[in-house]
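Single-structure report; data block below.
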């Protein structure tokens, strides 16, 4: 089995250089994943939620409020 690939450029008329965004849609799940990882790491300390954005101060407060 073999595949042939081809490129067919279609510039967008919405900006001067005709460029289109690429890859932005794939980053949608990154923030919830990071927040879940932070809460999972802090769960042994009693933390069940950290408000976004997870600034150092918010993480510190979550740890101290859970203790």
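Every number in this text was worked out from the coordinates using simple rules, so none of it is lab data. Here the structure is a predicted model, which means the values were calculated and not measured. Note that we place each Cβ from the backbone using ideal geometry, even for glycine, and neighbour counts take in every protein chain shown.
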Study note, to complete from the structure: Note: among 6, 54, 67, 30, just one is without any contact (Cβ under 8 Å) to a residue 60 or more places away in the chain, loosely packed, with under 10 Cβ neighbours inside 10 Å and in contact with a helix residue (DSSP H, G or I) (Cβ under 9 Å, 6 or more places away or on another chain), namely 67
**Study point:** Subset of the stretch 35-57 [over 18 Å from the mean Cα position of the chain (by Cα) and assigned to a helix (DSSP H, G or I)]
**Key:** 42, 43, 44, 45, 57
